[in-house]
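A short worksheet on the structure shown next.
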Amino acid sequence: MIFDEVFTNTVESLLAGKFICPITCATSYDFLSSDINRERVQTYLYQTGKTLSDIDREFYYASYESMTPDRRRASRAVFKQTQQEIRPVVEFLSLMMRVSNDEHSLYTGDEIHLAQIVSKIENDKSLLKSLDRIIIQIKGQLKGSVFDKTKQLINSLVKTDVLKQIEPKIDIYLCTGKLAYYINLMEFIMTYQAEKFDDIDLDEPAQDDLI
């Protein structure tokens, strides 16, 4: 009974467009670590025109099994929305590398401590300027303290499932598999120099899997 419940929850999450990783849903992620379970999920998804996709087994998501005109139109709409979400994520990653003085990007499972970020930004006008630029992108409020503005940014990333708060009253957050997906998508766009969605050939497997 528990097995069937996990299977159902996993499939429903995938069909809802969610990313399954150890941070967002550890139970479903562990479930998909089994070859048998992945095959069972794959069989079910195939009946809906979807397929189980992953990148280095770090996270899982459902993508179209093949492209049709209707699916292509739907994918364009999703991609446009993703483009809007990616912009502040790119700025956030750049900001975090400067805050931590580390050239390595964040990835799944990395911790974000709000207090530490605020402390660094408060003492650096350049970082504050970058923060304000991101707040404008997410259509937030520029009024308020550095804490308030940083909290706005973090909350926007939680809302889009890029970050997950560890506990409701604790300002510590974990990077999810969706951040890793965005990073891979950005690398893909740069590789193919696909500035517009119309430039992308959705019949190419390497591109199809990301949509």
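The values are calculated or read from the model by the stated rules, or taken from the named source; none is laboratory data. All figures in this text were calculated on a predicted structure; none of them were measured in a lab. So basically every Cβ, Gly included, is an ideal-geometry build from the backbone, and we count neighbours across all protein chains shown. These accessible areas exclude ligands, DNA and RNA; they are computed on the full protein's heavy atoms, side chains included. Shrake-Rupley method; radii C 1.70, N 1.55, O 1.52, S 1.80 Å.
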> Inside the range 176-196, can you point out the residues that are modelled with pLDDT of 85 or more, assigned to a helix (DSSP H, G or I) and touching an Asp or Glu at 6+ places or on another chain (Cβ under 8 Å)?
Replying inline: GLY177, LYS178, ALA180, TYR182
> If you take the residues in the range 63-100 that are within 26 Å of GLN42 (Cα to Cα), assigned to a helix (DSSP H, G or I) and small (Gly, Ala, Ser), which one is most open to solvent (accessible area, probe 1.4 Å)?
Replying inline: ALA77
> Could you list, in sequence order, the residues of the range 33-50 that are at pLDDT 95 or above and in contact with a Leu (Cβ under 8 Å, 6 or more places away or on another chain)?
Replying inline: ARG38, VAL41, GLN42, LEU45
>> Take the residues in the range 1-57 that are part of a helix (DSSP H, G or I), among the aliphatic types (A, V, I, L, M) and open to solvent by 80 Å² or more (accessible area, probe 1.4 Å); name whichever of them is nearest to LEU174 (Cα to Cα).
In response: ILE2
>> Could you list, ordered by first residue, the pairs with Cβ atoms under 7 Å in which the first is in the range 155-175 and assigned to a strand (DSSP E or B) and the second is among the β-branched types (Val, Ile, Thr) and open to solvent by 70 Å² or more (accessible area, probe 1.4 Å), at least 6 apart or interchain?
In response: ILE172/ILE166; TYR173/ILE166; LEU174/ILE166
> Conditions: (1) modelled with pLDDT of 95 or more; (2) hydroxyl-bearing (Ser, Thr, Tyr); (3) under 19 Å from ARG76 (Cα atoms). TYR173 meets all but one. Number of the miss?
Replying inline: (3)
